[in-house]
């Protein structure tokens, strides 16, 4: 343990997250940061002394929920305290976000959110919280690939072929989304504008419904969550033209990103991440990063009371 | 852990906390611009 001169807070040198390398597992990284969450409280060496509350602003069983639970389960075992997941779905994640924003900034409440986190400030006029001020981004838990799917019956050879067809009949193409203001809506608009074609938005209730629109030939394309589209890609009922993010999907190594397929500035990423509450974390992080008291690589460091053995 | 997450559709995303914080800030301002340009509002 080292004592931070600025704050007088005892912290573990093992939380120097700037040292995280690509080889570290997600859970490992998350654990380090949770240690940091606790370290921001007055008695860092005693953290956590009670259950940690994790708010998920989406339904139990959603991708965000299941990813969060997978990481938190392991984290809970490591920390020796329960992490109690509370699902607070509704209003584009803003109900759960508001619940988390009202919680104490004592290191015992975290928020597991999708990247809708960065969308709601743009789509909701009157939020009861300030997304930047009330939450501290802690760490991403995973990238969620989004795939541009079309019906194979259209016979598009590739993404350029699809865009050429869209340009040839301006405004006649339509696209489904999992709802107005959903990330699939943003991904579609970013791509459409970067590629330079017109298309009509037909919002659905959710991702499975939006996928049905393409399967039933009522919509020409949909930027679908990979996990929802994958079974239909495997059995050939849908065709994947591109992945929206800045990296390819591990499950679809042959499908290019929209940028690789020739459309610059068309990427749109979707992810799941962990957030903390703002105030205490901010002072902790800024002081600990400004003054690294001791150089200690994450894994060999045995000084942390929460030393985490990475699982491989 | 990675395998479990992969089954849930998540690919690894390795960012430091400060890089993640920057990403969140950038995305919020980008999404503001997209929403304004495309007239996107929540349901």
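The values are calculated or read from the model by the stated rules, or taken from the named source; none is laboratory data. All values derive from a computational prediction rather than experimental measurement. Cβ atoms come from the backbone with ideal geometry, glycine included; neighbour counts cover every protein chain shown.
Structure values in brief
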{"read-out": "Residue match in the stretch A:200-210 (condition: touching a residue at least 40 places away in the same chain (Cβ under 8 Å), away from chain B (no Cβ under 11 Å) and either touching a helix residue (DSSP H, G or I) at 6+ places or on another chain (Cβ under 8 Å) or more than 19 Å from residue A:257 (Cα to Cα) (or both))", "value": "no"}
{"read-out": "Residue A:146 vs. criteria without any contact (Cβ under 8 Å) to a residue 24 or more places away in the chain and in contact with a helix residue (DSSP H, G or I) (Cβ under 6 Å, 6 or more places away or on another chain)", "value": "no"}
{"read-out": "Scan of the stretch A:122-154 for residues that are within 30 Å of residue A:220 (Cβ to Cβ) and within 12 Å of chain B (Cβ to nearest Cβ), ordered by number", "value": "A:122, A:123, A:124, A:142, A:143, A:144, A:145, A:146, A:147"}
{"read-out": "Verdict on residue A:217 being more than 9 Å from chain B (Cβ to nearest Cβ) and free of Cβ contacts under 8 Å to residues at least 12 places away in the same chain", "value": "no"}
{"read-out": "Matching residues in the stretch A:164-192 - criterion: being surrounded by fewer than 17 Cβ atoms within 10 Å (Cβ to Cβ), under 22 Å from residue A:260 (Cα atoms) and touching a residue at least 24 places away in the same chain (Cβ under 8 Å)", "value": "A:167"}
{"read-out": "Residue among A:73, A:104 that is surrounded by fewer than 21 Cβ atoms within 10 Å (Cβ to Cβ), over 29 Å from residue B:2 (Cβ atoms) and modelled with pLDDT under 95", "value": "A:104"}
{"read-out": "Boolean, residue A:109 is farther than 26 Å from residue A:219 by Cα, surrounded by 19 or more Cβ atoms within 10 Å (Cβ to Cβ) and facing chain B (nearest Cβ under 7 Å)", "value": "no"}
{"read-out": "Residue satisfying all of: in the stretch A:231-250; under 21 Å from the mean Cα position of the chain (by Cα) and buried (at least 19 other Cβ atoms within 10 Å of the Cβ); nearest to residue A:164 (Cα to Cα) among these", "value": "A:242"}
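Here is a yes/no grid of residues against (1) out of contact with any strand residue (DSSP E or B) (no Cβ under 9 Å at 6 or more places or on another chain); (2) more than 7 Å from every other protein chain (Cβ to nearest Cβ); (3) modelled with pLDDT of 95 or more:
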{"position": "B:4", "(1), (2), (3)": "yes, no, no"}
{"position": "B:7", "(1), (2), (3)": "yes, yes, no"}
{"position": "B:27", "(1), (2), (3)": "yes, no, yes"}
{"position": "B:43", "(1), (2), (3)": "no, no, no"}
